[in-house]
Structures are given as structure tokens and as C-alpha cells.
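The values are calculated or read from the model by the stated rules, or taken from the named source; none is laboratory data. In this text, all values refer to a predicted model and were calculated from it rather than measured experimentally. Here the Cβ positions follow ideal geometry from the backbone for every residue, glycine too, while neighbour counts run over all protein chains shown. Please note that ligands, DNA and RNA were not included when accessible areas were found on the heavy atoms of the full protein model with its side chains. Shrake-Rupley method; radii C 1.70, N 1.55, O 1.52, S 1.80 Å.
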Amino acid sequence: MISIYLQGDSWLHRAPAGLKLFVVAVASLLLFQVNSPLIFIACLAGVVGCYATLGSEGLKRLALLRGLTVLLGILLVLHWISGTFWEGISVVLRLVVLILAANLVSITTRMDDMLEAVMPLFRPLGWFGLSARKPALCVALVLRFAPYMMQIFSRMREAYQARTGAKNSWKLIPPLAIQCLRMSDNVADALQARGGSDGLAGQAEIRTRPKAA
């Protein structure tokens, strides 16, 4: 299956998936309550420091931001035009911190671990005879592959700029849609080969089952 998972045995890899998702969720709520650029800069330094603990390969994953430069630039310009430049700085920094934090969870968490961490949110569906695992799988896939598609878009934009000199264009939308559809086909084939969401559950059970004496 296509994955942005970074192999390793760091403290972030060993941390429970549920704990990492909970920390990112709480941090998101807290960061939307503040507007100080200094706080966001401190948080950004902390997140980058977490990437640094993963080694050089972890720091390379910061290239994810290249695909967001146009969007962040537009946000900043709009705030500058409206006379709220410093508020725009806070908005941009907040987005950068949250995106990097979410990506950090994705690259240090296996898919089956993320699925098991999300499952409790959908267990009430079982009261109505519905499957909780399927919507949990959908959420886990979004969390896993959203950063991957941002990387794809960044590479497409760089290739387009090298050919035409323009940084961005609506012409990138069709090939991006094609890449998304192609990736969805690959993911669907991989899931089918593993038995779907139940197959991922079986893998998690085998991986966590204690060894026989």
C-alpha cells in the first residue's frame, strides 16, 4: 500500500497512536484560542525539534510545506490588503504548526495502529447495527494520505514551474484529480488484498498477540 510511514524506532514511533492523535487534537483547540505570533513560533520550533529527533529522513519530511507556499502566501496577502497583516502572520503560523504536527503523526504511526486508535469514536454505531470499523478506516486513510497528496501536488507544481515559468495554474487540477483517482485504485486493491478493514484488524491482532512460551 502507498504510504508515507517512516520506518524507525524513535520515541514518537513507540508512543501510542491514540495519545498522539489526542495531543494533536487538544493542541489544535488550544492554538485556535491564541493569536500571539511568539507562541506560534515557539510551537513551530517544538514541532521542528520533534522532526529532528527522527534524524535526517525526518527533517526531509518538512519539505511538505513547499506544496503550501502558494496558499499561505495568498492568505498573507489577503490579510495585508485588509490591514490585518500581523493577524495573517498568526493564521499562517497556526496552519503550519498544525499541518506539520498532523504529518508527524502520519509518518510515525502505522495504519493499523491509527485505525485502532480511531475506532472508539465510531463504536456507538454498533448500537444501530452499523459497522464502526469502516468509517474509522475512512478517517485513518484521510489522516494518512492527505499529506501524501500534498507532496504529489508540490512535485507537480515544481515540474509545471520548470516547464512554463509559472508557479501555479488551474491546469494542475486535472492531473492532480487523476493522481487522486489512481491512488484510490491502488489503495482499494491493497485493501482488498488484505481483506479490507477486517484484514487490517487481523494484522493488528497478529502483531500484538503474545508469543507462545
For the stretch 5-47, the count of residues that are within 27 Å of Leu76 (Cβ to Cβ) and not in a helix (DSSP H, G or I) equals 5
Met119 fails exactly one of the following numbered conditions: (1) buried (at least 20 other Cβ atoms within 10 Å of the Cβ); (2) modelled with pLDDT of 80 or more. What is the number of that condition?
-> (1)
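Just one of Leu38, Leu59, Leu29 is among the aliphatic types (A, V, I, L, M) and within 30 Å of Leu172 (Cα to Cα); which is it?
On the way: Leu38 fails: within 30 Å of Leu172 (Cα to Cα); Leu29 fails: within 30 Å of Leu172 (Cα to Cα).
It is Leu59.
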Residues being within 15 Å of Met114 (Cα to Cα) and aliphatic (A, V, I, L, M) - total across the stretch 2-32 | 10
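Has the stretch 142-150 got any residue that is open to solvent by 70 Å² or more (accessible area, probe 1.4 Å) and modelled with pLDDT of 70 or more?
Let us first name the residues in the stretch 142-150 that are open to solvent by 70 Å² or more (accessible area, probe 1.4 Å), namely 142.
Filter once more, so that each one left must be modelled with pLDDT of 70 or more: 142.
So far as the stretch 142-150 goes, yes, one or more of its residues are open to solvent by 70 Å² or more (accessible area, probe 1.4 Å) and modelled with pLDDT of 70 or more.
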If you go through the stretch 48-74, how many residues are loosely packed, with under 15 Cβ neighbours inside 10 Å, part of a helix (DSSP H, G or I) and either among the hydroxyl-bearing types (Ser, Thr, Tyr) or touching a Gly at 6+ places or on another chain (Cβ under 6 Å) (or both)?
-> 2
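Please work out if Val92 is part of a helix (DSSP H, G or I), open to solvent by less than 30 Å² (accessible area, probe 1.4 Å), under 24 Å from Gly8 (Cβ atoms) and of a type outside the set (Lys, Arg). Outline the logic, then answer.
Numbers: part of a helix (DSSP H, G or I): yes; open to solvent by less than 30 Å² (accessible area, probe 1.4 Å): yes; under 24 Å from Gly8 (Cβ atoms): no; of a type outside the set (Lys, Arg): yes.
Taking the combined requirement at face value, the residue does not satisfy it.
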Would you call Met156 open to solvent by less than 30 Å² (accessible area, probe 1.4 Å) and either part of a helix (DSSP H, G or I) or closer than 24 Å to Leu64 by Cα (or both)?
-> no
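May I ask you to verify whether Trp80 is modelled with pLDDT of 85 or more and assigned to a helix (DSSP H, G or I)?
Working: modelled with pLDDT of 85 or more: yes; assigned to a helix (DSSP H, G or I): yes.
So Trp80 passes the test.
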